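Student: The structure is given below, and queries will be raised subsequently.
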Amino acid sequence: MRTSNAVAPPAGAEAALKSEVTQVIDVRMRMAAASRFALPGLLLVFVVTFSIVLPETFATWDNARTILSTQSVLALVALAALMTLVIGEFDLSLGAQMGLAALLLPGLSAHGKVPLSLAVPLTIAATTAVGLMNGLLVARAKVNSFIATIGTSALIGAFVLAYSGGTVIFLGVPPEILKISSSAPWGVPAPILYVAVVSVFVWLLLQRTPFGRYMSAIGGSKDAARLAGINSDRVTVVTFVLAGTLTGIAGVVQAGQLGSGNPSVGPSYLLPAFAAAFLGATSFRVGQFNVWGTLTAVVTLATGVTGLNLLGLPSWVEPAFNGTALLLAVALTRYLRGRPL
């Protein structure tokens, strides 16, 4: 007859433990309910406050249009970050990928080497290929996504320097490249329309397709998803590929805004993109990375930074603002999810 040396806790202690756990869960649920609309509320506070303080410069339609249009690139990169976060992975090469695309398009189309109509798909194909490489490294080679994408980012940085020589590409760039981002069908700037179309596509993919449910299942538990019959490797590879495609589109929009190829524009988008994705997970679908929360976070961060800049605060305010938002958002998201990210 087998005996156990384990000593059962007293009934009173067990009840107290259950009560404590229940209280923690209740607090977390109340916080989740309260934070659902906190981010839109913060955006409203920013808009009202800066409109009162800066009525002639901030509270104008042109300023709102400029914020939405200029943040379109960040919104697209943030949606790419969102895709990989849903499956529980990080792609730290997204900023470099966007910079690569923003450089390749002017470089390919300069002096008529490649027609602009062909250079655009080639540019997007290049970052899609980078996404495929990242996906294979993570899913097939079982390399940690942190390490794999940091390595990819470094390689892209080296290629960008070699391709551009460290200088801005502007000679021979066709002026038609500006039409990509300067056109305004129905009075709406084209970058806003690009973001709208891509956002609806990502939302439909995540919320209305089996593939989106597979992504969420893998993000919840890879082992459980695998036992349920989901091909987690294939889903991971496709997700990284889609993220690469989105960053390619972001790079094309960026090139259309600049009209030239700047080798240094990409990496600065990485931190704000992740800040927006994590901050977005504290709103709407609390504790889950979601499209509408991410877009609201992009606009909220941009509104805050724009208002502070118009107040004449120094340039270090923007990275400090984004860094603080990222830290708070990660901590809140981790707590509301009830488990490590």
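Student: Through the Karplus equation 6.51 cos²θ - 1.76 cosθ + 1.60, θ set to phi - 60°, convert the phi angles of the range 197-213 into ³J(HN,Hα) values in whole Hz; use x for Gly and Pro.
Tutor: 5, 5, 4, 4, 4, 5, 4, 4, 4, 6, 9, 10, 10, x, 4, x, 5
Student: Okay, moving on. Where does the Debye-calculated log10 I(q)/I(0) of the chain sit at q = 0.08, 0.11 Å⁻¹, using only Cα point scatterers of equal weight, no solvent?
Tutor: -0.43, -0.76
Student: Can you give the alpha-carbon Rg of the range 237-325 over 2.2 N^0.38 Å, where N counts its residues?
Tutor: On the way: Rg = 14.7 Å, N = 89, 2.2 N^0.38 = 12.1 Å.
So the range 237-325 has a normalised radius of gyration of 1.21.
Student: Keeping all protein chains in position, work out how much accessible area residue 91 exposes to a 1.4 Å probe, and write it in Å² to the nearest 10.
Tutor: Rounded to the nearest 10, the figure is 0 Å².
Student: Which one, 87, 52, 169, has the greatest fluctuation when you compute a Gaussian network model over the chain with C-alpha springs under 10 angstrom?
Tutor: 52
Student: Can you give the three extents of the C-alpha atoms in the range 132-235 along their principal axes, from longest to shortest, in whole Å?
Tutor: 55, 41, 15
Student: Let me ask another. Once phi is turned into ³J(HN,Hα) by the Karplus curve 6.51 cos²θ - 1.76 cosθ + 1.60 with θ = phi - 60°, what whole-Hz value does each residue of the range 299-314 show in order, with x for glycine and proline?
Tutor: These are the phi-based 3J(HN,Hα) values: 5, 5, 4, 5, 5, x, 5, 4, x, 5, 5, 5, 6, x, 6, x Hz.
Student: Follow-up. Using a Förster distance of 30 Å, how high is the FRET efficiency between residue 132 and residue 179, based on the Cβ-Cβ distance and rounded to 0.05?
Tutor: Working: r = 30 Å, r/R0 = 0.99.
Given R0 = 30 Å and the Cβ-Cβ separation, E is 0.50.
Student: Additional query: Using a 1.4 Å probe and ignoring any ligands, DNA or RNA, find the accessible area of residue 226 and quote it in Å² to the nearest 10.
Tutor: 110
Student: Springs between alpha-carbon pairs under 10 angstrom, Gaussian network model over the chain: which of 255, 225, 96 fluctuates most?
Tutor: 225
Student: Run through every distinct alpha carbon pair of the range 66-131 and return the Kirkwood hydrodynamic radius in angstroms, one decimal place. Display every interim value, and only then the final one.
Tutor: Numbers: mean 1/r = 0.0766 Å⁻¹.
About 13.1 Å, per the Kirkwood formula over Cα pairs.
Student: Right, here's the next one. Roughly to the nearest percent, how much of the accessible area of the range 144-265 is carbon and sulfur, given a 1.4 Å probe?
Tutor: That share works out to 69 percent.
Student: Taking amide H positions as placed in the peptide plane 1.01 Å from N, state which residues far from residue 266 in sequence (5 or more) or on other chains have amide H under 5 Å from it.
Tutor: Residues meeting the amide H criterion: 99.
Student: Among 278, 240, 58, whose mean-square fluctuation peaks in a Gaussian network model of the chain (Cα, cutoff 10 Å)?
Tutor: Largest GNM mean-square fluctuation: 58.
Student: Check residue 290: other-chain or 5+ apart residues with amide H under 5 Å from its amide H, H built from backbone geometry?
Tutor: Answer set, sorted by chain and number: 281.
Student: A further question follows. For the range 260-269, what does the Karplus curve 6.51 cos²θ - 1.76 cosθ + 1.60, with θ = phi - 60°, yield as ³J(HN,Hα) per residue in whole Hz, taken in order and with x for Gly and Pro?
Tutor: 7, x, 9, x, 10, 7, x, x, 5, 8
Student: What FRET efficiency, computed as 1/(1 + (r/R0)^6) with R0 = 45 Å and r the Cβ-Cβ distance, is obtained for residue 316 and residue 221, rounded to the nearest 0.05?
Tutor: On the way: r = 41 Å, r/R0 = 0.90.
Efficiency, rounded to the nearest 0.05: 0.65.
The values are calculated or read from the model by the stated rules, or taken from the named source; none is laboratory data. Quick caveat: nothing in here was measured; it's all calculated off a predicted structure. Cβ atoms come from the backbone with ideal geometry, glycine included; neighbour counts cover every protein chain shown. When the accessible area is computed, the model is the full protein with side chains, heavy atoms only, and any ligands, DNA or RNA have been set aside. Shrake-Rupley method; radii C 1.70, N 1.55, O 1.52, S 1.80 Å.
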